[in-house]
Amino acid sequence: MSIFPENVSTYGQAIDNLFWLILAFVAFAFFVSLFILIYPLIKYSSKKVNRAEYITGEKKKHFKWITIALVGLLLSDFVILYVEHDTWGEIESVPSKADVRIAIIARQWNWIFVYPGPDGVLGTTDDVTIDEMNSSLHVPINANIVFELRSQDVIHSFFLANTRLKQDALPGRTVIRWFNITKPGKYDISCTQICGILHSKMRNFVLAETPEQYKHFTDSLYNANKPATASN
Amino acid sequence: MENLHHKKSFWSKYIFSTDHKTIGIQYMVMGMFMAGVGGYLAYVFRYNLAFPGKSIPFYGMLGAEQYNAFVTIHGMIMVFWVGMPVLLSAFGNFLIPIMIGTDDMAFPTLNALSVQIFFLSAVILIASFFVPGGAFGGGWTMYPPFSAGGYLNHNPDFFKALFSGTSLLILAVALEFVAMLMGGINFLVTTVNKRAKGMTPWKIPVIIWFLNIGAVIFMFSVGPLVAGAFMLLFDNVLGTGFYDPHRGGDPMLWEHLFWFFGHPEVYVLLLPSLGVLAEIVPVFSRKPLFAYKTIIYLALLSAFLSVLVWAHHQFVAGIDPRMATFFSIGTILISIPFAGIFLSYMATLWGGKITMKVPMLWAIGFIGLFLIGGLTGLFLGSNTFDIYAHDTYFVVAHFHYTLFPDIFFGFFAAFYFWFPKFSGKELNPKLGKWHFWLTFIFFNGLFFLLFFNGLAGQHRRINDYSSFSLISREPYQTFEQIATISAIGLILSQFIFLYNFISTLRSNRKSVKNPWESTTLEWLSDSPPPHGNFNPYPVVYRGAYDYSLPDVPEDFTPQNVPNPNNN
Amino acid sequence: METNQNHLAIPIIKIPQGRLGMWVLIAGELVIFGGLICCYLLFRIRYPHWGAMAANTNTFIGALNTVVLLLSSYTIVRAHGAAVKLDIAKARLWMMCTLLGGVMFLVDKSIEYAHEISEGFTFTSPKLVAAGDHVGSLFWSFYYIMTGLHGAHVLAGMTAIFIVMMQIRKGNNMHRVELVGMYWHMVDLIWIFLFPLLYIAK
């Protein structure tokens, strides 16, 4: 059993790999440090208060070991930074090809999903807004889902653990993020920024479907909403 | 008549005293009391997490609103009403004058005022539980607009808004800042101005350096937040829109102001404890502190870097992605001085003659646990992994692995070390060891498994995980229960300490002047030190860590012993 | 009563204690105002519209107040000079002048506030909000919080000067004249920053 929830996004694996890389550095540093800490406790332990060696550590000869350790730490840090940099850029920037554009609006206490309507453009009169607790956001698999994230009242945070994506929703701002789910299924959306009494009930789903199922869903959604095309 | 006189002297001696030692003890006792309150809150919400929907012994049912308030106030208390008073104020007030060889702080009246304001702030904080609506429940970070009442109602009822949990919390924190600023002024002026003759900068013990660096960091990072707190208070009581985006304000402003203070604040908490280690480790390894000067330089460097890292708390808050890389580098850089300081402490052990007395046990436990806390920081300092780990239990476990050793292990190490000095009595070392081992084991039981909960995607500050399929499954629910049982064990093992403390105070196991054979000046004074501390005042001839000097018969040479080569 | 036998042997003081403490206090205060001014500047850059709002402040009274504060700083310098020469009467007279300056500043400020409030510019400016000018109302929130906090410092400084004036009647605590003077200079200095930011920059 993996320690992470199942990864279903295109960039999730990179984050998991990053974890194992950092863990390798950290485990090495941990065991070395533990040795440095525990070994002298055994080797130099003394029953009685007794005279010890006089080492002030001001000499280069003595301090060089610490310098080496610090340079090692700095180097491994920069290796991490170098490795992660591309993934960071990938997640935080908008992909050139957006297959589906939607808007996700947080409020106390629900996630509101706005589908762009038949024209595929948000902010037009044919947008369809779904504001129901425990509702599902339907998305097609293997498609770049680009979403605008907003908040109506306080700060919320959009967390889709299975894609490894998290982003705060701030009132007054629109943040654009994206994900691409590779496996059909129903995944939890949760709010990770404390936002009031029903913070723990702010749970919706992403329902990843095959393109055909998604087409079917949107068609029926848009048809059902044709008369009431009011948007906000 | 006799009785009246006695009563008066009790008040002036213990409550309204201006003596730095009494004030230090007042801060310590208040901090310990608040730790009890914070621990109780933790017990209640941890019990709720492990056994959701069950009635909690010694509390009852816990609703979502109280749950939010409890986690919020728990964080607030542990940082501002336990960490700050115990580490900065109690150590600072008790130790600074006596370790630099003087009679009292520079401004004793200001000092007394600071402790009274601190008391008032604690009262207001606790009172906020009992106002209509209860205590504030939006996280200790108090992000607006949730904390800025004005976003719901542009014309709040002034008095109702003033006596809401939110406003009272802001007021309490503001007063606490004022108390700490007064203390900080005192620390700096005392250390600059009132050092014993011969106590040149490079002869000052590390803890005094660190307390002052901490005070400086605090003073220069808290200012903008004080301004921000005024704005938040006005948003609440007057209905202004400083943080309301619909009226031109910006909630992100608070995040920046808060973390510009909030991150340096963890170094304000860390530095005094690191200072405690610097005093304890050499004493019990009978060796000079490794690289004393370098440690001071590293701490100064970290003070400078501490104001360059704040936005690593906001990697997923919607800041500019390029900015995140800058703050990631800052975070990497600041790990270097602290790693250097810890490595120097470990290097001090090598070649020593180590006796595992109780204070040393706590010191080593601190280093060991902080190792985990510090290294897991590497995961979170990486902005990419932070996208996933942010606001999960991974973060919770990480900062408890740093702050718990820092605040509690640091405090207990100091307490067992200096108790003979401030009371003149000797604690029972056997009970001290029991206290240490139980605390150590239960602490790990409490937080280690939570790392895995965090990696499984468990996010923070949720009172009921039943609707989240990723978390409400095994083994994560069992991990929660193990954590809660350990938390109860952790709290119960503190009663060993309380028993040891009280029974020792009532016993007459007198301690000698310098039980640990240490070199610093406080051990020259009587135990407990009289008013005025020294008679005559000492003259300093050497650094604070002259252990096992060659060509000297004793294995320690106090700071007031003249150097034979010079005289 | 415990007496300290060897009081004279207390380690030497290198800088007058109070002066050093006052410097640290001033540093702390400046960071608070610095934070506030930075917040204001960030919004000022974001909203060019605030220039129109700043046009509603009374530059004349602002300038007058600047002169008043500068003059009162001068008088407190003279008070310090007199205090150094232990000329109690003169020191108290100059401090009186400073207090007068402070009172005049507050009176000017009150006239200004009264005028602005009568025009509908308040902490929340409901009139502006009703007209849809939310951003403008934020300017006034900043205006009142900055000048208000500064006014509170003027009041605190005046209280301190008054207390010291009473204390030195019999020649005690003469060194405190310098300390309140330093504080008063800080109050003056902050105003020097606030005046162009809130009044002149349009």
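Quick look at the numbers
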read-out	value
Count of residues meeting criterion [over 47 Å from the mean Cα position of the chain (by Cα) and either under 27 Å from residue B:297 (Cα atoms) or among the polar types (S, T, N, Q) (or both)] in region A:46-62	6
Residue identified as assigned to a loop (DSSP other than H, G, I, E, B), at the interface with another protein chain (Cβ under 9 Å from one of its Cβ atoms), acidic (Asp, Glu) and within 22 Å of residue B:460 (Cα to Cα) among A:188, A:153	A:153
Selection count where residues are closer than 19 Å to residue B:533 by Cα and touching a His at 6+ places or on another chain (Cβ under 8 Å), scope region B:16-55	1
Residues satisfying the stated conditions in region C:40-81, i.e. free of Cβ contacts under 8 Å to residues at least 24 places away in the same chain and either within 22 Å of residue C:109 (Cα to Cα) or in a helix (DSSP H, G or I) (or both)	C:42, C:45, C:46, C:60, C:67, C:74, C:78, C:81
Positions within region A:35-64 being out of contact with any Phe, Trp or Tyr (no Cβ under 6 Å at 6 or more places or on another chain), at the interface with chain B (Cβ under 7 Å from one of its Cβ atoms) and in a helix (DSSP H, G or I), in sequence order	A:36, A:37, A:41, A:63
Of the criteria (1) facing chain B (nearest Cβ under 7 Å); (2) touching a residue at least 60 places away in the same chain (Cβ under 8 Å); (3) of a type in the set (Asp, Glu), which one residue A:168 fails	(2)
Pairs where the first residue, in region B:52-63, is under 15 Å from residue B:484 (Cα atoms) and the second is surrounded by 10 or more Cβ atoms within 10 Å (Cβ to Cβ), C-beta under 7 Å, 6+ apart	B:52/B:464; B:52/B:466; B:55/B:61; B:56/B:44; B:56/B:47; B:56/B:48; B:56/B:62
Residue satisfying all of: in region B:142-178; more than 28 Å from residue C:25 (Cβ to Cβ), of a type in the set (S, T, N, Q) and out of contact with any Pro (no Cβ under 9 Å at 6 or more places or on another chain); nearest to the other protein chains (Cβ to nearest Cβ) among these	B:147
Residue in region B:457-468 that is in contact with a Leu (Cβ under 6 Å, 6 or more places away or on another chain) and away from chain A (no Cβ under 14 Å) present	no
Residues that are within 13 Å of residue A:55 (Cβ to Cβ) and not aromatic (Phe, Trp, Tyr), drawn from region B:282-305	B:282, B:285, B:286, B:287, B:288, B:289, B:291
Filter pass, residue B:462 being of a type in the set (Val, Ile, Thr) and either buried (at least 22 other Cβ atoms within 10 Å of the Cβ) or in contact with a Ser or Thr (Cβ under 7 Å, 6 or more places away or on another chain) (or both)	yes
Selection within region A:159-213 - among the aromatic types (Phe, Trp, Tyr) and under 17 Å from residue B:388 (Cβ atoms)	A:159, A:178, A:179, A:187
Output for region B:511-555, where each listed residue is touching a strand residue (DSSP E or B) at 6+ places or on another chain (Cβ under 8 Å), within 12 Å of chain A (Cβ to nearest Cβ) and modelled with pLDDT of 90 or more	B:517, B:518, B:546, B:547, B:548
Helices (runs of 4 or more DSSP H) lying entirely in region B:1-114 (those with 1 or more residues that are crowded, with 24+ Cβ neighbours inside 10 Å and aromatic (Phe, Trp, Tyr))	B:20-50, B:64-76, B:91-99
Check on residue B:232, assigned to a helix (DSSP H, G or I), away from chain A (no Cβ under 14 Å), among the aliphatic types (A, V, I, L, M) and within 22 Å of residue B:268 (Cβ to Cβ)	no
Residue that is buried (at least 20 other Cβ atoms within 10 Å of the Cβ), hydroxyl-bearing (Ser, Thr, Tyr) and outside the structural domain of residue A:154 (by TED's automatic domain parsing), where the choices are A:56, A:87, A:67	A:87
Which listed residue, of B:495, B:451, B:442, is farther than 30 Å from residue B:557 by Cβ, within 14 Å of chain A (Cβ to nearest Cβ) and modelled with pLDDT of 95 or more	B:451
Qualifying residue in region C:120-127 (condition: out of contact with any Leu (no Cβ under 9 Å at 6 or more places or on another chain) and farther than 17 Å from residue B:240 by Cβ)	no
Breaking point among (1) crowded, with 16+ Cβ neighbours inside 10 Å; (2) more than 23 Å from residue B:67 (Cα to Cα); (3) within 14 Å of chain A (Cβ to nearest Cβ), for residue B:420	(3)
Residue match in region A:131-154 (condition: surrounded by 24 or more Cβ atoms within 10 Å (Cβ to Cβ) and under 14 Å from residue A:192 (Cβ atoms))	yes
Residues satisfying the stated conditions in region C:169-193, i.e. of a type in the set (A, V, I, L, M), in a helix (DSSP H, G or I) and in contact with a helix residue (DSSP H, G or I) (Cβ under 6 Å, 6 or more places away or on another chain)	C:177, C:179, C:180, C:182, C:186, C:187, C:190
Filter result for residue B:500 (among the polar types (S, T, N, Q), assigned to a helix (DSSP H, G or I), in contact with a helix residue (DSSP H, G or I) (Cβ under 7 Å, 6 or more places away or on another chain) and within 24 Å of residue B:380 (Cα to Cα))	no
Output for region B:250-272, where each listed residue is in contact (Cβ under 8 Å) with a residue 24 or more places away in the chain, within 14 Å of chain A (Cβ to nearest Cβ) and not aliphatic (A, V, I, L, M)	B:251, B:254, B:255, B:256, B:258, B:259
Given (1) facing chain A (nearest Cβ under 7 Å); (2) in contact (Cβ under 8 Å) with a residue 12 or more places away in the chain; (3) hydroxyl-bearing (Ser, Thr, Tyr), number of the condition residue B:384 does not satisfy	(2)
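The values are calculated or read from the model by the stated rules, or taken from the named source; none is laboratory data. No experiment lies behind these values; they were computed from the predicted model shown. Please note: Cβ atoms are built from the backbone with ideal geometry, for glycine as well, and neighbour counts cover all protein chains shown.
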